[in-house]
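Notes follow once the structure below has been shown.
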Amino acid sequence: MQPPEIVIFDFDGTLIDSDEALLAPIDLLGASRSDVVMGSAVAQECERLGISLDDYVDAYDTEVSMPFPGAAELLGELDRWAICSNKHPASASTELDRLGWQPELVMCADAFDWGHKSLVPMLERLGLDADQVMLVGDSGGDLRCAEEVGCRFVWAGWNERVRTHPHSGVVANTPLEVLNYLN
């Protein structure tokens, strides 16, 4: 098997430790954080919880989420990387600018008609086949994206949710361990 030409990352919970930032607006808007399904498409989750997407985005603090330790170093080692996220594009853009990160391609919730993300349009935009990419993520939704196209998948084991709910398949315990799965 050839090494992937590009690594595609989920953003929230994979590159940045954003659980609290994602849940804080839920609290402010009167919904229960215990009802939130992490990894869901932002518009669908807001609708399910009975809150306005615009209000959620306005309440979301783009200054608090920080990269997981080792994430920035990993990105610095990669020739090509991209982001596939269920996040609102305005929040993602602001956070990426703040972090100084410049992925080759970013596709957020709006690129998927506000439904759950998919690698299909990403592969089309990148001009690549599934065997040329690897997806790194922290949720069952991320795994489904990889399975949908048949690409390699690595669990972001540095995320507490992944560590406390073991999953089958390849798990990287630190971001830099992802490099071990590129060959």
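Could you tell me which residue of region 122-138 is nearest to Glu148 (Cα to Cα), considering only residues that are of a type in the set (Asp, Glu) and in contact (Cβ under 8 Å) with a residue 60 or more places away in the chain?
Asp131
Here is a list: Gly150, Gly141, Gly127. Which entry is loosely packed, with under 13 Cβ neighbours inside 10 Å, over 19 Å from Leu78 (Cβ atoms) and not acidic (Asp, Glu)?
Answer to the check: Gly150.
Specify the residue that is surrounded by the fewest Cβ atoms within 10 Å (Cβ to Cβ); the eligible residues are those in region 62-92 that are of a type in the set (D, E, K, R) and in contact with a Ser or Thr (Cβ under 9 Å, 6 or more places away or on another chain).
Here the answer is Glu63.
Please determine whether any residue of region 18-32 is touching an Asp or Glu at 6+ places or on another chain (Cβ under 9 Å), of a type in the set (D, E, K, R) and in contact (Cβ under 8 Å) with a residue 40 or more places away in the chain.
The answer is yes; a qualifying residue exists.
Let me confirm something: among Gln132, Gln44, which residue is modelled with pLDDT under 95 and polar (S, T, N, Q)?
The conditions single out Gln44.
Given the options Leu123, Leu143, name the one that is in contact with an Asp or Glu (Cβ under 9 Å, 6 or more places away or on another chain), hydrophobic (A, V, I, L, M, F, W, C) and part of a helix (DSSP H, G or I).
The conditions single out Leu123.
Mind listing just one residue for me: the one in region 153-177 that is more than 15 Å from the chain's Cα centre (by Cα) and touching a residue at least 60 places away in the same chain (Cβ under 8 Å) and, of those, nearest to Glu5 (Cα to Cα)?
Only one residue tops the list, namely Leu176.
Could you tell me how many of the residues in region 11-61 are under 18 Å from the mean Cα position of the chain (by Cα) and of a type in the set (S, T, N, Q)?
Number of matching residues: 4.
Would you confirm whether or not region 69-81 contains a residue that is within 13 Å of the chain's Cα centre (by Cα), assigned by TED's automatic domain parsing to the domain that holds Glu177 and not hydroxyl-bearing (Ser, Thr, Tyr)?
Yes: region 69-81 contains one or more residues that are within 13 Å of the chain's Cα centre (by Cα), assigned by TED's automatic domain parsing to the domain that holds Glu177 and not hydroxyl-bearing (Ser, Thr, Tyr).
I'm told Gly100 meets every condition in (1) in the same structural domain as Leu176 (by TED's automatic domain parsing); (2) under 21 Å from His116 (Cα atoms) except one. Can you identify the failing condition by its number?
Tallying (1) in the same structural domain as Leu176 (by TED's automatic domain parsing); (2) under 21 Å from His116 (Cα atoms), Gly100 fails exactly one: (2).
Out of (1) part of a helix (DSSP H, G or I); (2) within 18 Å of Ser18 (Cα to Cα), what's the single condition that is false for Trp101?
Every listed condition holds for Trp101 apart from (1).
The values are calculated or read from the model by the stated rules, or taken from the named source; none is laboratory data. Note that the structure is predicted; figures quoted are calculated from it, not measured. Glycine gets a Cβ as well: all are built from the backbone with ideal geometry, and neighbour counts include every protein chain shown.
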